[in-house]
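Structure first, then comments.
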Amino acid sequence: MDYDPLRRGFAEFVGTFALIFVGAGTIMTLTTVLEPAINGPQAQGVYNGLTLVSVAFAHGLVIAVMASAVGHISGGHFNPAVTLGFVVTRRIALSLAVVYWSMQFLGATAAAALLRWFYSENVRNLTNLGAPGVGGGISVWQALVIEAVLTFFLVWVIFATAADPGGTFKSIAGLAIGLTITLDIFIGGPLTGAAMNPARAFGPELISRHWTDAWIWYAGPAAGAVLAALAYEWLYLRPPRPLPVGPEESGVLEPRPGDAAVS
């Protein structure tokens, strides 16, 4: 892995830019193409269904591709919540994490600004540049928990496939991570937008100036990421305790050669 902060940071910029450009851009393109055909509740339902499937796969595929492309350079976070998970488990230096966070938010903002230039005002207003939103019948606290749970799944899979040296599927971690995002959007898309990523929310929110309930997409992913990272680290990645040493009459087994003892 490349340890130059600028080179790693630029990889994070490109990956996050691609996520917002493809993910939010898919929402806006579908709105451009299908919006004229929406003339009633039934048509609206078809539109929502097509949008959910397309958006889920767009986000999952772009992460799978970019994580596979630059994972060896930066780790392929593209998500400030994921980086936070690596910070709390001491798997990345705080100084490097600041570079990652800066590049992730900058990449998201640049992508949203480009999308604003590409699409008509009507589409921009209908979609808020792809910014996530709370669905009907969902309270802000329910939305917060949903985002936390979805992000927990994502970070858990990242640690299991990319951070765990014993992970069976480490060579195809990008695919597993991308599919997790797709699955999360299938269930959470209509409820909260299933951002799972503060940068995914920040870019479109900033450029469209749409900040309704914005805190949900920062607090929820942060909480879910920290919980998943600490749980996986503590349960599976902490060095095991060495076997205790005791005399034969105590019934405590002696350690094998090379094993350290604890008092």
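The values are calculated or read from the model by the stated rules, or taken from the named source; none is laboratory data. Everything numeric in this text was worked out from a predicted model, so none of it was measured. For neighbour counting, all protein chains shown are included, and Cβ atoms are generated from backbone atoms with ideal geometry for every residue, glycine included. Accessible surface areas use protein heavy atoms only, side chains included; no ligands, DNA or RNA. Shrake-Rupley method; radii C 1.70, N 1.55, O 1.52, S 1.80 Å.
Below, the figures for the structure above:
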{"item": "Heavy-atom surface of the range 92-216, accessible at 1.4 Å and reported per residue (Å²)", "result": "45 Å²"}
{"item": "Rounded to whole Hz, the Karplus (6.51, -1.76, 1.60) HN-Hα couplings of the range 177-186, x for glycine and proline", "result": "5, x, 5, 5, 5, 4, 4, 4, 5, 4"}
{"item": "Accessible carbon and sulfur surface of the range 84-235 relative to its total accessible area, %, 1.4 Å", "result": "68 percent"}
{"item": "Accessible surface of Glu121 - all protein chains present, 1.4 Å probe, nearest 10 Å²", "result": "120 Å²"}
{"item": "Solvent accessible area, Å² - Asp4, 1.4 Å probe, full protein context", "result": "60 Å²"}
{"item": "Directionally averaged projected area (convex hull, Cα atoms, the range 77-196), nm²", "result": "8.8 nm²"}
{"item": "Ordering of 79-88, 106-115, 198-207 by burial proxy (mean other Cβ atoms within 10 Å per residue, highest first)", "result": "198-207, 79-88, 106-115"}
